[in-house]
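Participant: Can you read through this structure? Questions will come right after.
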Amino acid sequence: SGREVCAAGMVQQEPGGAAGEAAAVTAEVRLSRRRWVVVLLFSSYSLCNAFQWIQYSSISNVFLRFYGVSAFAIDWLSMSYMLTYIPLLFPVAWLLDKRGLRLIALAGSALNALGAWVKLGSLKPHLFPVTVLGQVICSLAQVFILGMPSCIASVWFGSHEVSTACSIAVFGNQLGIAVGFLVPPVLVPNVEDVEKLAYHISIMFFMTAGVATALFILVVIVFKEKPLHPPSRAQALIQSRPPEEYSYTQSILRLLRNANFLLLMVTYGLNTGCFYSLSTLLNRMVIHHYPGEEVNAGRIGLTIILSGMVGALISGIWLDRTKTYKQTTLVVYIMSLAGMIAYTFTLSLGHLWVVFVTAGMLGFFMTGYLPLGFEFAAELTYPESEGTSSGLLNVSAQIFGIAFTISQGQIMDRYGTMAGNIFLCSFLFLGAVMTAFIKADLRRQQANLDNEQTVMRSGERPEGPRSSSPPTGCS
């Protein structure tokens, strides 16, 4: 539920390539003031969508009783987000490349608002199918959201701030999950009276629909396709490339032939899939060991996300300063495993404060890893579209997320929560080992260095923008 940038080695040397590089060298690189408004607005509607993902799972016992359905049915409200993403990634990534950021932003925010309004029609116990429909519409919105952070960061931000911008864009998704853990247990208390319960649920749904609609209107007014001038040399090089040089199918094939990216895709999927499973089943885990603690279960989820947001911000700033992508990713992965082990063996001790501490440690690294994966992928795959590379990472995450959620849920039902968490620990260990084998082939960094050296050799500062025919997407 996170939530995501453009680099060199694979530019096709076709006719027009040399002219494109010359245009990139002479293009005026300038930062737009609007960039912060764009990334914060994106973060806001991403927040709203992520809230709608976790709002059922964070009080799963309440919705289970209200609708009279099984725990597995409530889990599927969360897993629907993962399931719809897998077949729709490629059509939406193609749209992002061909039609650009603004159309994708409009579609994502509109579907998010529509899904929120549909849920208002599900306030009776027999209307569970309506709430499923609303959640599926929201899950469609998510497909238009998850691949955007690295693309927005690349198109709008300079090379010295691109990792920080990506972290902020991913932030929204993470903060939405945090709010989704914190607010539903407060707004929807576990009361016996079905009419009162429906009233409390309606307050939550109305508030969500109002916020989602306001954000859609803001996107219509504020969100622009791209800044007037490219923000970095790497982006100038990409924008100077004629559209006919770019083939979406060829781009995917090049990504799937990139061994380092394939390794990252699997390791990212393992880590994020564990996070999805943990988030979906957290309420069940905590309630099992601490009956009646719905509100604290939500607060533990909040702790995981907020500490992860701090971790994401720190790692983004660290990457911008050091460019140590491989080393940072590996350390954070190993610490995610350590955090998961600590959480696993302290959950059943009977001390809630200990669970808060270990969950905070787990979140700092596991959630903090999310923007790291996007940024590392953008470096390994430049100049391919970040929308495509981050989309493939997310497909991996959704597949593992569904598999882990179903498997861990079944293991918890049969063997207990500790066995379910040990199951996740084993896959995090596998991911950490595989991460060690990824080579740090930082192509985007090399593209920026090459362009700076070319400018220095030319002995002149760029004077102004050169006309070119850039692709409409972030590729």
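Participant: At a 1.4 Å probe radius, carbon and sulfur cover how many percent of the accessible area of the chain?
Facilitator: Reported share for carbon and sulfur atoms: 68 percent.
Participant: How far is it, in nm, from the label point at residue 429 to the one at residue 73 when both lie 7 Å from their Cα along the line to the Cβ?
Facilitator: According to this spin-label approximation, the distance is 3.9 nm.
Participant: Then there's this: Provide the FRET efficiency to the nearest 0.05 for the residue 224-residue 266 pair, computing r from the beta carbons and using R0 = 30 Å.
Facilitator: My answer for the efficiency is 0.25.
Participant: Here's another thing I want to ask about it. Please report, in debye to the nearest 20, how large the charge dipole of region 183-282 is about its Cα centre when each Lys and Arg carries +1 at its beta carbon and each Asp and Glu carries -1 there.
Facilitator: The calculated dipole for region 183-282 is roughly 620 debye.
Participant: Using a 1.4 angstrom probe, figure out how much accessible area region 247-456 has per residue, in square angstrom, rounded to the nearest whole.
Facilitator: Ligands and nucleic acids excluded, the result is 35 Å² per residue.
Participant: Another one. Which value, in Å³ per residue, describes the convex hull spanned by the Cα atoms of region 247-456?
Facilitator: 113 Å³
Participant: Rounded to a whole number of µm²/s, how large is the Stokes-Einstein D of region 394-436 at 20 °C and 1.002 mPa s, given Rh as the Kirkwood radius over C-alpha pairs?
Facilitator: 196 µm²/s
Participant: Taking a cut-off of 23 Å between Cα atoms, list the lysines near residue 226, but don't count ones fewer than 8 places away on the same chain.
Facilitator: Counting by Cα, and skipping residues close in sequence, residue 226 has these lysines nearby: 98.
Participant: Next question. With 28 Å as the cut-off, how large is the P(r) tail for the chain, expressed as percent of Cα-Cα pairs?
Facilitator: In whole percent, the share of Cα-Cα pairs in the chain beyond 28 Å is 49.
Participant: Between residue 198 and residue 327, what is the label-point separation in nm under the 7 Å Cα-to-beta-carbon projection?
Facilitator: 6.1 nm
Participant: For region 393-447, which trypsin sites (Lys or Arg not before Pro) pass both filters: DSSP loop (anything but H, G, I, E, B) and at most 11 other C-beta atoms within 10 Å?
Facilitator: 439
Participant: Loop only by DSSP, 13 or fewer other Cβ within 10 Å of the Cβ. Give me the chymotrypsin sites (Phe, Trp or Tyr not before Pro) in region 380-448 that pass, ordered by residue number.
Facilitator: 437
Participant: Let me ask you something else. Write out the GluC sites (Glu not before Pro) in region 141-246 meeting two conditions: DSSP loop, and at most 16 other Cβ atoms within 10 Å of their Cβ.
Facilitator: Listed in order of number, the matching sites are 192, 225.
Participant: May I pose another question? Using only helices, what value at 222 nm comes out for the chain when you add -39,500 (n - 2.57) per DSSP H run of length 4 or more and divide by the total residues, to the nearest 500 deg cm²/dmol?
Facilitator: Computed mean residue ellipticity for the chain: -25500 deg cm²/dmol.
Participant: Using the Cα gyration tensor of region 354-428, with a ≥ b ≥ c the square roots of its eigenvalues, what is the shape: rounded (a/c below 1.5), prolate (a/b larger than b/c) or oblate (neither)?
Facilitator: Oblate, since a/c reaches 1.5 and b/c is not below a/b.
Participant: Provide the per residue accessible area, probe 1.4 Å, for region 32-228, rounded to a whole number of square angstrom.
Facilitator: With the other protein chains kept in place, region 32-228 gives 35 Å² per residue.
The values are calculated or read from the model by the stated rules, or taken from the named source; none is laboratory data. All figures in this text were calculated on a predicted structure; none of them were measured in a lab. Glycine also receives a Cβ, built like all others from the backbone with ideal geometry; neighbour counts cover every protein chain displayed. When the accessible area is computed, the model is the full protein with side chains, heavy atoms only, and any ligands, DNA or RNA have been set aside. Shrake-Rupley method; radii C 1.70, N 1.55, O 1.52, S 1.80 Å.
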